[in-house]
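Here is the structure we will look at, set down as structure tokens.
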């Protein structure tokens, strides 16, 4: 047991060293090479902070321009636009979840209530900051309108992020000693794994949201054309409205996300006991 804990600790230290090196390279590249908008820069910094060299690898594949002046063309593919939407969502949601977990660690609450608080924190930060506040320019500077326009997309995407994150967080924190302590390496290792799981689970719905014109994709600071033709507020398209998606289709996607979320909670409860009182 002691040997296993030592090996795990060594692996985590190596992971954090690689994460630090990845962050240094990312920040340097964003400042000197890749003309991403500041919102996307912040999202990528948080993603690499949480997912280390894996996040940097995805950045290299989907966002980093290979040569000056090629960014718009490089990020044009649908899957790269979807990655941009996903990274923006996961950065906000994971930040909220981690902050919620830090707060609940210091409160004598049942683990089921902890998860509810973490979900609420992720939703508030994801919607009110990373979606509405940062994207209000796409709604003509109107913040309430930005909240309204991003509510459905954030809810659907957030639910799928939690589909991946809840089982990892709840099970590993309960099963691994010190996994819930924000002062320990294990907490941050679990948070990294959970963030990666959340990103994998949420990619399909983000691909659909981008393809339907309900979310922005990978944004460039020098775009001459919008990444998504109908998105309001993109360069040269400030007055355009997003394409109409039937209410029934939106409802179906929402119910699907809610169903997957409930299934994830149920599966988690079969492995660890979730208490609400």
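Results, tabulated for the structure shown:
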read-out	value
Mean Cβ count within 10 Å, highest first, over the residues of peptides 108-116, 51-59, 24-32	51-59, 108-116, 24-32
Cα shape, the range 76-146, gyration tensor, a/c 1.5 rule	oblate
Net length gained if the chain between residue 13 and residue 267 were fully extended (0.36 nm per residue, minus Cα distance)	88.3 nm
Angle in degrees between helix 185-211 and the longest Cα principal axis of the chain, rounded to the nearest 10	30 degrees
Simple label model, 7 Å out from Cα along Cβ direction - residue 105 to residue 120, nm	2.1 nm
Nearest-ten-degree value, helix 2-32 long axis tilted from longest Cα axis of the chain	20 degrees
The range 1-137 shape via C-alpha gyration tensor axes, a/c threshold 1.5	oblate
Packing-based order for 175-181, 202-208, using average beta carbon neighbours within 10 Å, highest first	202-208, 175-181
The chain: angle of helix 38-62 to the longest principal axis, Cα-based, in degrees nearest 10	60 degrees
Length-normalised contact order of the chain in % [C-alpha pairs under 8 Å, at least 6 apart]	22 percent
Global geometry of the chain, whether rounded, prolate or oblate, following the gyration tensor of its Cα atoms and the 1.5 cut on a/c	oblate
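Bear in mind that the values in this text are calculations on the coordinates, not laboratory data. Since we're looking at a predicted model, the values are computed, not measured. So basically every Cβ, Gly included, is an ideal-geometry build from the backbone, and we count neighbours across all protein chains shown.
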